[in-house]
Amino acid sequence: MGEFKRIGILTSGGDCAGLNAVIRAVVCRAVGTYNWEVLGIRQATQGLMSSPPEFMLLDLDKMDRLLTAGGTVLGTTNKGDPFAFPMPDGTVLDRSEDIIAGYRELGLDAIIGIGGDGSLAILRRLALQGNLNLVAIPKTIDNDLGSTEHSIGFDTAVNIATEALDRLHFTAASHSRVMILEVMGRDAGHIAISAGIAGGADVILIPEIPYTIANVCKKIYDRQNQGKNYSLIVVSEAVRTEEGEPVMSTNRLGQCRLGGIGQYLSDKICDCSGAETRVTVLGHTQRGGTPSPLDRLTASAFGVAAVDLIADGKYDQMVSWQNRQVVSVPIADAIAQYRAVDLNGTLVKTARGLGICLGD
């Protein structure tokens, strides 16, 4: 059975479906198999930064209903770099040693960090600085980590976007409109192209492929000439204007966020084709809700594998789905490999083969 261990687990970065399923799997394996103790760190690294550290003891009784619950019971944050942490007076302070001290104060033998490339890069830097035992689990709805075929949250996001397209079909046909669906995708177009194919889109625009409004309008004209007076367009939020400018929105706090490419396209298409257009922005609905069966399976496999890595004393590793099985890869390699949509890959070839316009 091995020696007793006390391990921590935290969720970092944006939330997504499947995080609670990971937590459940970690606790089931660590407590149920190894008889270890699992501490859930609240609000990611901010929980370790607090004095005293903020955590909750996770036992098997707390795992009921977590498999299907969205979000994360531990809370998360995607702001506040601990190496340049914003202070109330407007200055920034390196609080990395506070996090390391929190790890020590809790008496942790290892910690499991669930996050995307940015979060995992920060966690690894902390682990190296403080000689902490870290195992990582990949989580990003963008699915752009190069070392794993699946990241937690991606499949659910695609399901939600596909369901939105299924619903928009009927309204588009009923009113002879061009319906534009703007989906998430900070840098990569994986959600857009996957949902676009699955949902029967006529046009898919992703940041990896340059487009012109003229090409998009030509697809709309071609459909009209075939007696099809409506079209469905899926666009990733990271797609830029024809001139290559990012489309951003600014909130009242002065924070800039990706968003608005759907409305930009709507105006341009209306001017170009005269078609009546409507825009739907899914936004954070892609992050929430019940995780899909595939995300639950992936989360469960990742959670068990992460605990087993700790049992084997294998640290600075990230669990990864490759060739139908879970393996481990060095965290450094995982976050170094960014995976955009492959322009010569199966999905792009499939889209073109189906006659879907990719804007080029």
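The values are calculated or read from the model by the stated rules, or taken from the named source; none is laboratory data. What you see is a predicted model, and the numbers here were worked out from it, not measured in a lab. No Cβ is skipped: glycine too gets one built from the backbone with ideal geometry, and neighbour counts run over all protein chains shown. Heavy atoms of the whole protein, side chains included, go into the accessibility calculation; ligands, DNA and RNA do not. Shrake-Rupley method; radii C 1.70, N 1.55, O 1.52, S 1.80 Å.
Some values worked out for this structure:
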| read-out | value |
| --- | --- |
| Residue in region 8-22 that is in a loop (DSSP other than H, G, I, E, B), of a type in the set (Ser, Thr, Tyr) and crowded, with 19+ Cβ neighbours inside 10 Å present | yes |
| The listed residue being of a type in the set (Val, Ile, Thr) and either surrounded by fewer than 22 Cβ atoms within 10 Å (Cβ to Cβ) or in contact with an Asp or Glu (Cβ under 8 Å, 6 or more places away or on another chain) (or both), out of Ile141, Ile152, Ile111, Ile137 | Ile152 |
| Residue that is nearest to the chain's Cα centre (by Cα), among those in region 73-107 that are surrounded by 22 or more Cβ atoms within 10 Å (Cβ to Cβ) and modelled with pLDDT of 95 or more | Leu74 |
| Failed criterion for Ile141 (all others in (1) under 22 Å from Ile23 (Cβ atoms); (2) without any contact (Cβ under 8 Å) to a residue 24 or more places away in the chain hold) | (2) |
| Failed criterion for Pro291 (all others in (1) in contact with a strand residue (DSSP E or B) (Cβ under 9 Å, 6 or more places away or on another chain); (2) open to solvent by 50 Å² or more (accessible area, probe 1.4 Å) hold) | (2) |
| Qualifying residue in region 239-261 (condition: open to solvent by 20 Å² or more (accessible area, probe 1.4 Å), closer than 24 Å to Lys349 by Cα, touching a strand residue (DSSP E or B) at 6+ places or on another chain (Cβ under 8 Å) and charged (D, E, K, R)) | no |
| Residue check, Lys79 of a type in the set (Lys, Arg), over 26 Å from Gly313 (Cα atoms) and in contact (Cβ under 8 Å) with a residue 12 or more places away in the chain | no |
| Close pairs (8 angstrom Cβ cut-off, 6 or more residues apart or separate chains): within 21 Å of Ile141 (Cα to Cα) in region 18-33, charged (D, E, K, R) and buried (at least 24 other Cβ atoms within 10 Å of the Cβ) anywhere | Gly18/Lys139; Gly18/Asp295; Leu19/Lys139; Ala21/Asp295; Val22/Lys139 |
| Near pairs, Cβ below 6 angstrom, 6+ apart or cross-chain, from region 85-101 (of a type in the set (Phe, Trp, Tyr)) to any residue that is at pLDDT 90 or above and in a strand (DSSP E or B) | Phe85/Leu93 |
| Single residue of region 155-170 satisfying the filter (more than 13 Å from Ile191 (Cα to Cα) and either of a type in the set (Gly, Ala, Ser) or free of Cβ contacts under 8 Å to residues at least 24 places away in the same chain (or both)) that is surrounded by the fewest Cβ atoms within 10 Å (Cβ to Cβ) | Phe170 |
| Residues of region 126-175 satisfying the condition of being assigned to a helix (DSSP H, G or I), of a type in the set (Ser, Thr, Tyr) and under 13 Å from the mean Cα position of the chain (by Cα) | Thr156 |
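Residues are listed down the side, and each one gets a yes or a no for (1) touching a residue at least 40 places away in the same chain (Cβ under 8 Å); (2) open to solvent by 50 Å² or more (accessible area, probe 1.4 Å); (3) touching a strand residue (DSSP E or B) at 6+ places or on another chain (Cβ under 8 Å):
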| site | (1), (2), (3) |
| --- | --- |
| Ala192 | yes, no, yes |
| Ala195 | no, no, yes |
| Gly199 | no, no, yes |
| Ile204 | yes, no, yes |
| Pro210 | yes, yes, no |
| Ala214 | yes, yes, no |
| Arg223 | no, no, yes |
| Gln226 | no, yes, no |
| Tyr230 | yes, yes, yes |
